[in-house]
Amino acid sequence: MNYIVFDLEWNQAADLKTRRENDLTFEIIEIGAVKLNEKKEHIDDFHELIKPQVFHEMNQVTGELIHLKMEQLEECRSFPDVAADFVKWCGNDYIFCTWGNLDITELLINMDYYKMTPVSEKTMKYLDIQKLFSIAFEDKKSRRTLQYAVDFLGIKKEGAFHRAYADAYYTAQVIKKIHDDSVFNNYSFDTYCLPRNKSEEIKIIFGDYSKYISREFPDKIAAMKDKEVLSSKCFLCGEKTKKKISWFTNNGKNYYTIVSCPKHGALKGKIRLRKAIKSSKIYVVKTMRLAPPDVVCDIINKKKQVRESRKEKRKKS
């Protein structure tokens, strides 16, 4: 299996009127990629600028960031031609690697806009190297810039940041600095294409926590009635748990629970309700993880705040 480390640069409308007139929010104008083999050795490159078809003026902020002018793109090929060659270049056995969680979604959106065959029709597994950098070298939670990671790891700078090929190259260099192979087990999932049915739903365990990504539901009420969504079994042993704090929400989008497993102790559950990009229906991302005393106290305090807030609203009404 190869690692396809890629980066995109995109343009957006230069004014509000143009933005409202177009279905596409971000138009890809550059693809840069590095191919690593299973030993994480650099074996090939891909880089091409793209002629815009939607936005014919460079957004000022974008132009200043990536140092590109429209004149430089006039003789380039269109997105469908470049993207088709990029997908062919990727091969058959690979996993995408990106810095952050935006590039795959934007690639799929642009391909959809041009009615191209998608890279995948299922929820796509990939490696978010920004996240892996935090897991390998920091606190697992912080999200640093690519330039920070390059400086932190002492990687030699050979080109300006915020250009597709340079950022792909630097991201590949960060990958090479991660020597603990277990770090690469921490996959991410792009949710532009969601599970189409129960059998395709994502259920995965990452050491100290589990993640569940649901199929689409027509609305929040339907999602919060689903047995799998509300399930709070222990992800480590599969046993039923005892509820200490039932599912509750403090903002209508995130739900929390604390349960107890006879074998593994307190667990925290979190449900995030999200709108699907394609349909605006609802899907669920649920995590279950071990909950030390400070986390349990935090959830208890959240529940108290919700109760107090409701009491105040009743008094006012």
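Brief remarks on what is shown
Table: residues versus (1) more than 18 Å from the chain's Cα centre (by Cα); (2) surrounded by 20 or more Cβ atoms within 10 Å (Cβ to Cβ); (3) within 19 Å of Asn185 (Cβ to Cβ).
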{"site": "Met70", "(1), (2), (3)": "yes, no, no"}
{"site": "Asp85", "(1), (2), (3)": "yes, no, no"}
{"site": "Asp93", "(1), (2), (3)": "yes, no, yes"}
{"site": "Leu102", "(1), (2), (3)": "no, no, no"}
{"site": "Leu108", "(1), (2), (3)": "no, yes, no"}
{"site": "Pro118", "(1), (2), (3)": "no, no, no"}
{"site": "Ser134", "(1), (2), (3)": "no, no, yes"}
{"site": "Glu138", "(1), (2), (3)": "yes, no, yes"}
{"site": "Thr145", "(1), (2), (3)": "no, no, no"}
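- Any hit, segment 207-230, residues being free of Cβ contacts under 8 Å to residues at least 60 places away in the same chain, open to solvent by less than 80 Å² (accessible area, probe 1.4 Å), touching a strand residue (DSSP E or B) at 6+ places or on another chain (Cβ under 9 Å) and more than 13 Å from Lys286 (Cβ to Cβ): no
- Sole residue being at pLDDT below 95 and in a loop (DSSP other than H, G, I, E, B), chosen from Met58, Met116: Met58
- Any hit, segment 252-272, residues being surrounded by 15 or more Cβ atoms within 10 Å (Cβ to Cβ), under 30 Å from Thr25 (Cα atoms) and at pLDDT 95 or above: yes
- For the residues Tyr170, Tyr165, the requirement of being assigned to a helix (DSSP H, G or I), closer than 19 Å to Ala33 by Cβ, in contact with a strand residue (DSSP E or B) (Cβ under 7 Å, 6 or more places away or on another chain) and not polar (S, T, N, Q) singles out Tyr165.
- Restricting the first member to segment 178-206 and to residues that are touching a residue at least 12 places away in the same chain (Cβ under 8 Å), and the second to residues that are of a type in the set (Asp, Glu) and loosely packed, with under 13 Cβ neighbours inside 10 Å, the beta-carbon pairs closer than 8 Å and six or more apart or on different chains are Cys193/Glu121.
- The listed residues are Gly63, Gly32, and the only one of them that is small (Gly, Ala, Ser) and within 30 Å of Ile178 (Cα to Cα) turns out to be Gly32.
The values are calculated or read from the model by the stated rules, or taken from the named source; none is laboratory data. Remember, predicted model here, so these are calculated numbers, not experimental data. FYI the Cβ positions are ideal-geometry reconstructions off the backbone, even for glycines, and counts take in every protein chain you see. Surface accessibility is based on the protein's heavy atoms, side chains included, excluding ligands, DNA and RNA. Shrake-Rupley method; radii C 1.70, N 1.55, O 1.52, S 1.80 Å.
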